[in-house]
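The values are calculated or read from the model by the stated rules, or taken from the named source; none is laboratory data. Worth saying up front: this structure is predicted, and the values here are computed from it rather than measured. Note that we place each Cβ from the backbone using ideal geometry, even for glycine, and neighbour counts take in every protein chain shown. The accessibility values were calculated without ligands, DNA or RNA, using every heavy atom of the protein model including side chains. Shrake-Rupley method; radii C 1.70, N 1.55, O 1.52, S 1.80 Å.
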Amino acid sequence: MVHALNLGQGGAGRGLPQQAVLATMHGKEAALAPAFAGLGVDLVIPDGFDSDRFGTFGGEIARTGTMEEAARAKLAAAMAQTGLAAGLASEGAYGPHPVVPFLASGREILVWRNKATGQEIVEEMLDAQPVYDHMEAADLDGVATLLARVDFPKTALIVAPASRRTAPIGKGLRHVVELDAAIRLAVQQCPLAKAFVQTDMRAFMNPRRMAIIAELGRKLAARLATACPNCQAPGWGKLRSETGLPCSGCGLKTDLVACEVHGCTICGAQSQLPRRDGKAEADPSQCQFCNP
Ligand SMILES: [Zn+2]
Ligand SMILES: [Zn+2]
């Protein structure tokens, strides 16, 4: 068991538990423990926890269901293993940008659960510039541009034969000698004589991802430090965005975000907040009626 240094007031003073399990095996406690220590909550890592059985980035084990479902499954297993009634699980997904296909984008979520109160909170963060990249090459020289783009060796790499991308020969590669050997082996094993080289997205192998998880942890901790104005439970914050920002030309509702709904997942209290940028109307160019 690894315990974070408890610097803050007792978690119980804010309606939070003093200990919570962190369902991880990839060094995320370094990113998350400080923010939770500030709340008086020690994060506990379960001994020998195998989060890879819930899915891997390399594709050897496919994740089933949504990110939220995967995080909940990890959390339930970590709670059962430690007997702790509260906990935290992280999940990330990376892929082509939904609008601009040659760009990458990432989504990270943290799921907080406290069985004692029945509370669940999901916080998310999008990364428009993740260190997520890949290429095919016949030798080490062929990946020179990739190494520069992803800040190798700070970011580690995974190598597989191009014909079998989900069967890695080497993971967590951070030395040129290891990388060279893995690429040679992959090329030998591939009928097309090409290696598939991709960024390792495990948090402790990808400093950019670790930094985003730390930022998301601070966001969740700030939310847990915010009491519900109605019942004083911790965790008042954004539940969802609602679309329907009116068009300034015709007044009809557009698909743009109109407001944020903040609320409490214990008593159900909610309130609507205007957009953070203060925008109250949509430009007619973004209206499906004025500019179909
Ligand atoms: Zn409440
Ligand atoms: Zn319009």
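Cut-off 10 angstrom, C-alpha nodes, Gaussian network model of the chain. Which of L192, L220, L84 fluctuates the most?
L192
Per the Kirkwood treatment, what hydrodynamic radius in Å, one decimal, follows for the chain from the mean inverse distance over all distinct Cα pairs?
Values: mean 1/r = 0.0470 Å⁻¹.
Every distinct Cα pair counted, the radius reaches 21.3 Å.
Would you rank F152, F36 by solvent-accessible area, highest first, keeping every protein chain in place and using a 1.4 Å probe? Present the calculation step by step, with values, prior to reporting the outcome.
Details: F152 30, F36 0 Å².
Heavy-atom accessible area, descending, gives F152, F36.
Once both labels are modelled 7 Å past Cα along the beta-carbon direction, what's the D139-L103 spacing in nm?
3.6 nm
State, to one decimal in nm, how far the label point of T243 lies from the label point of Q272, with both points 7 Å from Cα in the Cβ direction.
Inter-label distance under the simple model: 1.7 nm.
Taking only C-alpha pairs under 8 Å that are 6+ residues apart, what is the relative contact order of the chain in percent? Intermediate values should be presented prior to the final figure.
Numbers: 630 pairs, mean separation 39.3, N = 292.
Across the chain, relative contact order equals 13 percent.
Using alpha carbon centroids, what distance separates the range 31-50 and the range 209-237, in Å?
So the two Cα centres are separated by 15 Å.
Any chance you could run the full-extension gain for D180 through T166? It's 0.36 nm times the residue separation minus the Cα-Cα distance, nm to one decimal.
Values: separation 14, 0.36 × 14 = 5.04 nm, distance 1.90 nm.
Answer, rounded to one decimal: 3.1 nm.
Among I121, N230, H97, whose Cα lies farthest out toward the positive end of the dipole of the chain, if unit charges sit on the beta carbon of Lys, Arg (+1) and Asp, Glu (-1)?
Working it through, the farthest residue towards the positive pole turns out to be N230.
Measure up K171/K219; K28/K194; K74/K194; K115/K219; K28/K74; K74/K154 against 24 Å on the Cα-Cα distance and list the ones that go over. Numbers along the way, then the final one.
On the way: K171/K219 31 Å; K28/K194 33 Å; K74/K194 35 Å; K115/K219 21 Å; K28/K74 14 Å; K74/K154 27 Å.
As for pairs spanning more than 24 Å Cα to Cα, those are K171/K219; K28/K194; K74/K194; K74/K154.
Okay, helix-only estimate at 222 nm for the chain: each DSSP H run of n ≥ 4 adds -39500 (n - 2.57), divide by all residues, round to 500 deg cm²/dmol; what do you get? The partial results should precede the final answer.
Numbers: 5 runs with 63 residues, N = 292.
When only DSSP H runs of four or more count, the value is -7000 deg cm²/dmol.
Mind pulling the angle between the C-alpha long axis of helix 176-189 and the longest principal axis of the chain? Nearest 10 degrees, somewhere in 0 to 90.
70 degrees
Test of understanding: in a Gaussian network model of the chain with alpha carbons linked when under 10 Å, which of G106, G249, G55 would top the mean-square fluctuation ranking?
Judging by the Gaussian network model, the answer is G249.
With every protein chain left in place and a probe of 1.4 Å, what is the accessible surface of R165, to the nearest 10 Å²?
Answer for R165: close to 100 Å² accessible.
Return a whole-number percent for the relative contact order of the range 238-286, with Cα pairs under 8 Å and 6 or more residues apart as the contact set. The partial results should precede the final answer.
Working: 92 pairs, mean separation 18.6, N = 49.
Relative contact order of the range 238-286: 38 percent.
Please list R276, R240 in order of solvent-accessible area, largest first, computed with a 1.4 Å probe with all protein chains present.
On the way: R276 190, R240 95 Å².
Greatest to least solvent exposure: R276, R240.
For the range 51-185, max minus min Cα coordinate along each principal axis, in Å, sorted largest first?
Its Cα atoms span 56, 34, 26 Å along the three principal axes.
How many percent of the accessible area of the chain is carbon or sulfur, using a 1.4 Å probe?
54 percent
Can you give the accessible area of V176, probe radius 1.4 Å, in Å² rounded to 10?
Estimated to the nearest 10 Å², V176 gives 70 Å².
Would you rank Y94, Y132 by solvent-accessible area, highest first, keeping every protein chain in place and using a 1.4 Å probe? Don't jump to the answer; show the numbers that get you there.
Working: Y94 35, Y132 65 Å².
Putting Y94, Y132 in descending order of accessible area: Y132, Y94.
For T145, what accessible area in Å² do you get when you roll a 1.4 Å probe over the heavy atoms of the protein chains, rounding to the nearest 10?
Its heavy atoms expose roughly 80 Å² to the probe.
Send over a whole-number figure in Å² for the accessible area per residue of the chain, probe 1.4 Å. Walk me through the numbers on the way to the answer.
Working: 14130 Å² over 292 residues.
Using a 1.4 Å probe on heavy atoms only, each residue of the chain averages 48 Å².
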